[in-house]
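The values are calculated or read from the model by the stated rules, or taken from the named source; none is laboratory data. Given the structure is predicted, the values throughout are model-derived calculations rather than measurements. Cβ atoms come from the backbone with ideal geometry, glycine included; neighbour counts cover every protein chain shown. Please note that ligands, DNA and RNA were not included when accessible areas were found on the heavy atoms of the full protein model with its side chains. Shrake-Rupley method; radii C 1.70, N 1.55, O 1.52, S 1.80 Å.
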Amino acid sequence: MDQKQNNRSLIQEETLNKIIERIELGEPLTKICKDKSMPSLSVFYRYMRNDEKLQNKIRQARETGCFTIIDKINEELETPQDNQHMMWVREKLAQSRWLASKLANNTFGDKIKQEVKQDTKLIIQWDIPDNENNLIQAEKIVEEVPKTPIQELSNK
């Protein structure tokens, strides 16, 4: 039995679906794995390392979980409580915003990522002018270029 089949036997598909559902509901994986009916955190991470599809599912679940957490906190802010409770909720909201900016950065990120691809080749080409007028223009341009000794250029 290879490693992947061995890992498959460690965690049932139904258990994986429960874990993903709980993450989407905003529950941290560390808390989920403390549940006696769930695999330990180290077993789950080992299993995740060997399964790229599961890694993507967990990443998406965490992103969805960010929305859930923010929604829950917004509900708490709507119900007035004492000042100490409101400060605690505001602190939770600040932490959740930070977490969302990292886990769901496409939606909550501060910076817009742009990929710019361009050709960075520079081609310098010398050519002989094909007629008398072009030759005269080329000579004028060369005369206008300041003549600076190479030693002066290297000192700058």
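Worth a mention:
- Ordering ILE136, ILE73 by accessible surface, largest first, gives ILE136, ILE73; the 1.4 Å probe counts only protein heavy atoms, with every chain in place.
- At R0 = 25 Å, FRET efficiency that the Cβ-Cβ distance of GLU14 and LEU77 yields, to 0.05: 0.10
- Förster radius 22 Å - calculated FRET efficiency between CYS33 and LYS92, Cβ distance, rounded to 0.05: 0.50
- Pairs spanning more than 22 Å between alpha-carbon atoms, out of LYS18/LYS102; LYS31/LYS72; LYS57/LYS117; LYS31/LYS102: LYS18/LYS102; LYS57/LYS117.
- Sequence of ARG46, ARG90 when ordered by accessible area, the most exposed leading, probe 1.4 angstrom: ARG90, ARG46
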